[in-house]
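Data block below; observations after.
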Amino acid sequence: MMQIQDIIDGINLSEQININKSFEYSQICSKLIKKTETRADGRKIIIHILDNWHKINEHTRCIWIDLLEAEGFYPYLANKKFELSSTASILRKEMSKSKNLEYYLHDEQLYVKQLLDSNKNVIVSAPTSFGKSLLIEEFVAEKKYKNIVIIQPTLALLDETRKKLKKYDDHYNIIVRTSQEFSTERSNLFLLTAERVMEYHELPKIDLLIIDEFYKLSAKRDDERSDVLNNAFYLLLKRDNVKFYLLGPNIDGISPGFEDKYNAVFYKTNYSLVEQLVEERFSNEFGFKGQKKINKENTLFNLLFELIDEQTIVYCSSPARARYLAKKFLAFLDEKICPQQYTDEIKLIEWIEKYVNKDWILAKCLKNRIAFHDGALQKHITSSVVKYFNEKKLNYLFCTSTLIEGVNTSAKNIIIFDNKKGGIKKEHVIDYFDYSNIKGRAGRMMVHYIGKVYNFNLPIRKSNDLIVDIPFFQQNPIKDEVLIHLDESNVINKTSDQYKKIEKIPHDEQILFKRNGVLVDGQIKILQQLRTDIVENVSLVLWSGYPNYNQLKYVLRLGWGNLLKPTETTRPMTLNKLIKITFDYGMKQSIDYLIKSNIEYITEHNAACLSSEDILDEAIRDAFNILRHWFQYKVPKWLRTINSLQEFVCLEMGLKNCGSYSFYADKIENDFIQENLSILAEYGVPKSAIQKIEMHIKDDLDENQVIKVVKNEEFLTKIDLLEYEREKIKDSL
């Protein structure tokens, strides 16, 4: 039999595939797909045939259509150019059609759905292009479960999911925030991070739990949020015996015994309707040190120029690297061709020039169909960038690890330029799992049959199977923050020093620490400090509303010193800088202030002799990172944790007037937006638009009423909005 690669080369390199060759390839393919061990090779041949359909002799196309049907490629068979010849095959195709969606499920999707329709819980490991998220919509659309919780790792991914599922809001009360109340009359769909599951006050009984990217449960992958994900999962298993569907890519197994205990089946498949071709681009000719950097970048830019008519994603190690390479490539293009202007197509440009800075590199890149995407950007910007890319208004996207963690996009080409995450320490080098996840973004079902992967680093080989440990079950290793949540009957080693330490914590303090969900040792230390300071420095502890500078300094020092995890990186933030900018931002409440403040700071400490343009770009990057990471996540979490601890001490000591940091925490987290309008920011409406809307919305309307009013076209005509702001409101709501 011919070698598989010879067949693939024959398909791709031939100008035409004559009758004889087509018959020969189809016979080989037919034999391959009949055997489990060679089935994947048969699928590869079919995918390459699809990519070269115009070359196939028309008299043999019916054979290939039958092979498509035999392999269950029903999403492709919905295309009218693939007409099935027999009644039996037509019936099988129609049986694969979703009863709830205008979509045909492929064979493996059907199998996973059948598993979930049984009494089994299901854990699926499948390629990125498998269509796992489509199954999420299938379960929602069939309206079988009254209360569903979907946990995803990022707010950006949850917002994408909300937009896809908002069409079902006639049946489901869709909840994305802990402030939203669930309905007792209607079904509820909770789209939450694990933190918000734990913070939600008295969830109703949950009938289906879906955890996307479930490998983040593992304690061995150094994810700072793995503990809270374990706690959310354990809570719903223990409380509701919830049915669950876990999904993720490139996983080989889970903790031994978990399937038996929780009536689950782990199902791994490599089934995919797209194919990735890997081209290793690492070369010793890159040279050493400075010359290597220049040569490698030039090789990248020349390749991107060759791919100018195709969409390409470039993986970069950090936000700074993504911006740097995007900027350098823009300069490269300027020398090669006359710069193109796409301002009218991409409405975000006008918003950037008005509300950020007309000289920001992102605006310049967008005008040339280039963008970057990372976790430091504001939510509405990242969602717009992904939308423009999916609409083919952008050709080049420079991405960070947000690409690994589930940004819902893919491209014809993926370039793995860096081999690190974060780009600072050796232990941040991407492993085979990360590499596979990045690679899996090449190609797109129904768009690109074949995706190309260009690896600019030494090839990464698989060394060991990836087994996802589930800490609350396996307990080796297990963090205090997970162990403290377990019932005694679920603790495996009750004689360990770790468990004995947890046991010694008074019961009422254990309840408090579990509710806060952050470092146990850190909370113990803060509690001890508060017991002293509530007597000796009472004014620093017992405050409400807006804090003065010393009160804020006191609380942030407690958070910084006790609630940061050992593996967390804070650079370029320092404690003193955090105190100052948090206090100042409370008065200024403007991103413009943050940018100007950063420009002053970087200019004063400009050891690297950066240009004014580089200073501006760094200042904007840092400002957005402060806003998202510190103001909308860390600082409010610390404030609420320390607030609960000081309230505990107050009650313990019999004090009548406790402090209350909740008002200030809410204000910072919601960027000082009117309380009932903060749902708009959650949905990805820019603050600039919300501030304009604020003047026309009463503060006594609830969130649902606000959304109803803002969706009204007549209401929006009264407000002087940019086209981009109107675009975002329409897309978001």
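The values are calculated or read from the model by the stated rules, or taken from the named source; none is laboratory data. Predicted, not measured: the structure shown is a model, and the values here were computed from it. Using ideal geometry, Cβ is built from the backbone for each residue, glycine included, and neighbour counts are taken over all protein chains shown. Accessible surface areas use protein heavy atoms only, side chains included; no ligands, DNA or RNA. Shrake-Rupley method; radii C 1.70, N 1.55, O 1.52, S 1.80 Å.
What to note about this one:
- Expressed per residue, the C-alpha convex hull volume of region 1-105 stands at 102 Å³.
- Couplings 3J(HN,Hα) of region 720-726, computed from phi: 7, 9, 5, 4, 5, 5, 5 Hz, in residue order, whole Hz [Karplus 6.51 cos²θ - 1.76 cosθ + 1.60, θ = phi - 60°; x for Gly and Pro].
- Cα gyration tensor shape of region 524-590, rounded if a/c is under 1.5, else prolate or oblate by comparing a/b with b/c: oblate
- Region 448-557: C-alpha gyration tensor shape, a/c 1.5 cut-off, then a/b vs b/c: oblate
- In Å², nearest 10: area of S732 left accessible to a 1.4 Å probe: 0 Å²
- Ligands, DNA and RNA aside, W543 has an accessible area near 10 Å² when probed at 1.4 Å.
- Dimensions of the chain based on its C-alpha atoms, expressed as ranges along the principal axes with the largest first, amount to 92, 63, 60 Å.
- Note that the chain presents 44 Å² accessible area per residue, ligands and nucleic acids not counted, probe 1.4 Å.
- Accessible surface of E727, taken over heavy atoms with a 1.4 Å probe and every protein chain present, rounds to 40 Å².
- Two-site FRET efficiency, D465 against S283, from Cβ-Cβ distance with R₀ of 25 Å, rounded to 0.05: 0.20
- Given charges at Cβ of Lys, Arg, Asp, Glu: the chain dipole, positive-most of I65, A371, L575: I65
- For K268, a cut-off of 16 angstrom between C-alpha atoms picks up these lysines, skipping any fewer than 8 places away in its own chain: K113, K120, K132.
- Note on the chain: antiparallel DSSP beta bridges, both residues inside, total approximately 5 percent of the bridges counted.
- As a length-normalised measure over Cα pairs under 8 Å and 6 or more apart, the relative contact order of the chain settles at 12 percent.
- Förster radius 56 Å - calculated FRET efficiency between A40 and I707 (Cβ-Cβ, nearest 0.05): 0.75
- Relative contact order of region 510-660, defined on C-alpha pairs under 8 angstrom at six or more residues apart (%): 34 percent
- Anisotropy class of region 556-645 from Cα gyration tensor, a/c 1.5 cut: prolate
- On the beta carbon distance between K718 and S14, with R0 = 45 Å, the FRET formula returns roughly 0.10.
- Computed on protein heavy atoms with a 1.4 Å probe, the accessible areas place C650, C609 in the order C609, C650, largest first.
- To put it simply, the accessible area of the chain at a 1.4 Å probe is 49 percent carbon and sulfur.
- Rounded to 10°, Cα long-axis angle of helix 132-141 versus longest principal axis of the chain: 70 degrees
- Environment charge at T128 (Cβ cut-off 9 Å; Lys +1, Arg +1, Asp -1, Glu -1): +3
- Top positive-direction residue, dipole computed over the chain with Cβ charges, set G559, Q474, L362: Q474
- Net charge dipole, region 613-724: roughly 400 debye, given to the nearest 20, about the Cα centre with Cβ charges of +1 for Lys and Arg and -1 for Asp and Glu.
- Potential lengthening between L91 and M587 on full extension [0.36 nm per residue; Cα-Cα distance subtracted]: 171.9 nm
- Relative to the Cα centre, the charge distribution of the chain, modelled as +1 at Lys and Arg Cβ and -1 at Asp and Glu Cβ, gives a dipole magnitude of about 580 debye.
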